[in-house]
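Read the structure below first, then the notes.
Each value in this text was obtained by applying a stated rule to the coordinates, not by laboratory testing. Since we're looking at a predicted model, the values are computed, not measured. Cβ coordinates were reconstructed from backbone atoms using ideal geometry, including for glycine residues, and neighbour counts include every protein chain displayed.
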Amino acid sequence: MFKNPIAVLIIAVLLLLSTASFAGGLAQGLDYYNAGEYQKAEVYFRSMVIKEPWNYSAKYMLAVSLVNRQKYNEAKDLYKEVILNSNNDRLTSLSRTGLTNLDEPVNFTRQTISADKAVININTAGNSIIVNNVRLNDRLKTSFILDTGATFTSISRETAQKLGIRTKGAKQIKVMTGSGFITVPLVKVPKMEVKGLVARNVKVIVTDLPAHSAGTSKGVAGLLGLSFLENFRVTVDRKAGQVTLEKI
């Protein structure tokens, strides 16, 4: 039988509310939750998670809302995702408490989950290969165009802004594009992950692709180039619609 999760979760919410940075766009959902309108809270936080898959505060609040709706299995999955991916120690601790209250063993950490090989289902757009669900800094999940001929991985200006990456004062380098040479900032993304395969301190250039300028990027952040791919053995199977990455 589950331990009494409700009292603990209410205390958790009050603790989180004491942090102004946590509240932000969560305020309406928190109002629903604190008023006991758990169905509305679930709908609100679920909408946030869809729009901001890197928002682990919203995922935690969706989990506690689901607990109050007796949707325990989905809540457990969300708690585990927060534990494995969030850099917020408070959220991680509260998620562990949430799992414990649901009689779920908490015998894993982020470090115990690793992968040596990933088979990625891909989409194609014309001659481009699109790799989905690339996670940046445990914060942003996005898509990239696979480009084994690009020396550097690239991200758009908007993506850099979402990640909090500043380009002011960054090293400037010249790169060749279809329109000739351009000068762009060279920065580092501390962590890039695809299905458990992680590359750290990846050198990336910040520049918009033509699709970004035209507003037709459809959520693609940039090019997945050699500065990321050099960490892995890459096999492309267009017929099967898959890319396989293996640690070298």
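The distance between label points at VAL236 and THR100 comes to 4.9 nm (points 7 Å beyond Cα on the Cα→Cβ vector).
Mind giving me the FRET efficiency for SER93 and ALA27? R0 is 30 Å, r the Cβ-Cβ distance, nearest 0.05 is fine. Rounded to the nearest 0.05, the efficiency is 0.85.
Rounded to the nearest 10 degrees, the angle from helix 72-85 to the longest Cα principal axis of the chain is 50 degrees. Pair-distance distribution P(r) for the chain, from all Cα-Cα distances in 10 Å bins starting at 0: 7, 28, 29, 22, 12, 2, 0 percent. Seen through its C-alpha gyration tensor, with square-root eigenvalues sorted a ≥ b ≥ c, region 194-248 comes out oblate because a/c lies at 1.5 or above while a/b is not bigger than b/c.
Students often get this wrong: which residues of region 215-248 have the backbone nitrogen under 11 Å from the point 7 angstrom along Cα-to-C-beta of ILE173? Once the point is set 7 Å along Cα→Cβ of ILE173, 226-228 turn out to lie under 11 Å by backbone N, inside region 215-248.
Nothing charged except the Cβ atoms of Lys and Arg (+1) and of Asp and Glu (-1): what's the magnitude of the dipole of the chain about its Cα centre? Round to the nearest 20 debye. Could the numbers behind the result be given before it?
Numbers: 32 positive and 19 negative charges, 108 e Å.
About 520 debye.
For q = 0.17, 0.32 Å⁻¹, what log10 I(q)/I(0) does region 130-174 give under the Debye formula with an equal point scatterer on each alpha carbon and no solvent? Cα-only, vacuum Debye calculation for region 130-174: -0.59, -1.23. Based on every Cα atom in region 117-247, Rg and the maximum pairwise Cα distance Dmax equal 14.0, 44 Å. Could you identify which residue out of ASP138, ASP208, ASP103 has the top mean-square fluctuation in a GNM of the chain using Cα springs shorter than 10 Å? Among ASP138, ASP208, ASP103, the largest mean-square fluctuation in the Gaussian network model of the chain belongs to ASP103. Sorted fewest first by neighbouring Cβ atoms within 10 angstrom, MET48, MET176, MET192 come out as MET176, MET48, MET192. Computed over the Cα atoms of region 58-178, pair by distinct pair, the Kirkwood hydrodynamic radius stands at 17.6 angstrom. Of all the options LYS188, LYS80, LYS51, the one that moves most in a Gaussian network model of the chain with Cα springs shorter than 10 angstrom is LYS51. Between helix 56-68 and the chain there is an angle of about 30 degrees, using the helix long axis and the longest principal axis of the Cα atoms. Arranged from fewest to most other beta-carbon atoms within 10 Å of their beta carbon, SER128, SER65, SER179 become SER179, SER128, SER65. Relative to the longest principal axis of the Cα atoms of the chain, the long axis of helix 38-51 lies at roughly 10 degrees. Please give the residues of region 127-158, grouped as numeric ranges, whose backbone N is less than 11 Å from a label point set 7 Å along the Cα-to-Cβ vector of LYS218. In region 127-158, the label zone of LYS218 (backbone N under 11 Å from the point 7 Å along Cα→Cβ) covers 127-130. Counting neighbouring Cβ atoms within 10 Å and putting the fewest first, the residues GLU42, GLU52, GLU158 line up as GLU158, GLU52, GLU42.
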